1. Please give the peptides 20-27, 111-118 ranked by average Cβ packing (other Cβ atoms within 10 Å per residue), highest first, as a rough proxy for protection.
2. Given points 7 Å out from each Cα along the Cα-Cβ axis, report the residue 10 to residue 76 separation in nanometres with one decimal.
3. Fewest to most neighbouring Cβ within 10 Å: what's the order for 102, 125?
4. Extending each Cα 7 Å along its Cβ direction at residue 17 and residue 90, get the distance between those two points in nm, one decimal.
5. Rounded to two decimals, what ratio of Rg to Rh does segment 5-142 give with C-alpha atoms and a Kirkwood Rh?
6. Take residue 2 and residue 104, extend 7 Å from each Cα along the Cα→Cβ direction, and tell me the distance between the two endpoints in nm.
7. In which sequence would 138, 82 go, from the one with the fewest C-beta neighbours within 10 Å to the one with the most?
8. Provide the gained length on full extension for the span residue 142 to residue 128, in nm with one decimal, where the gain is 0.36 nm per separating residue minus the Cα-Cα distance.
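Any read-out appearing in this document is the output of simple, stated calculations on the displayed coordinates, not a laboratory observation. These numbers were taken from a predicted model, which means no experiment stands behind them. Cβ sites come from the backbone with ideal geometry, for glycine too, and all protein chains shown count toward neighbours.
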Ligand SMILES: [Zn+2]
């Protein structure tokens, strides 16, 4: 069984607020933290909600430059890139087929349901080794010291590049 994903409650709340702010679009961002005996999210790096291309109603797209910036930011604050969070507006917090196609091993995927603009629960998922699906990873909200959210950054890149 996959060990729980540890995250402090207020950081989890920031993820949910980001999903609410993005509604009715999907909101997304990166999970930064440490990956020792237990996996601990210590900061988030939220992608801006107002992406130029408004066509993304049911899917988010994180481009290579986003990953590069997230890796750079993680290095700067001496953390590892642990995964991605995103919201599912008016949909269950389980991965879609699109999510599976774009998922990568190792990463944790936190998905938050946002129903009528309000966060309605989050679950975390890990891609199975054969990439055929996901295994749920329990979210353990706890009170360890946390770095806090890294500020949102803006990107001018077009979503289709
Ligand atoms: Zn999704």
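1. Numbers: 20-27: 19.9, 111-118: 18.1.
Highest to lowest by the protection proxy: 20-27, 111-118.
2. Calculated label separation equals 2.2 nm.
3. Going from sparsest to densest Cβ surroundings: 102, 125.
4. Distance between label points: 2.6 nm.
5. Values: Rg = 13.8 Å, Rh = 14.8 Å.
Rounded to two decimals, Rg/Rh equals 0.93.
6. Result for the modelled spin labels: 1.6 nm.
7. Numbers: 138 12, 82 23.
The fewest-first ordering by Cβ neighbours comes to 138, 82.
8. Numbers: separation 14, 0.36 × 14 = 5.04 nm, distance 2.58 nm.
Taking residue 142 through residue 128 to full extension adds about 2.5 nm, to one decimal.
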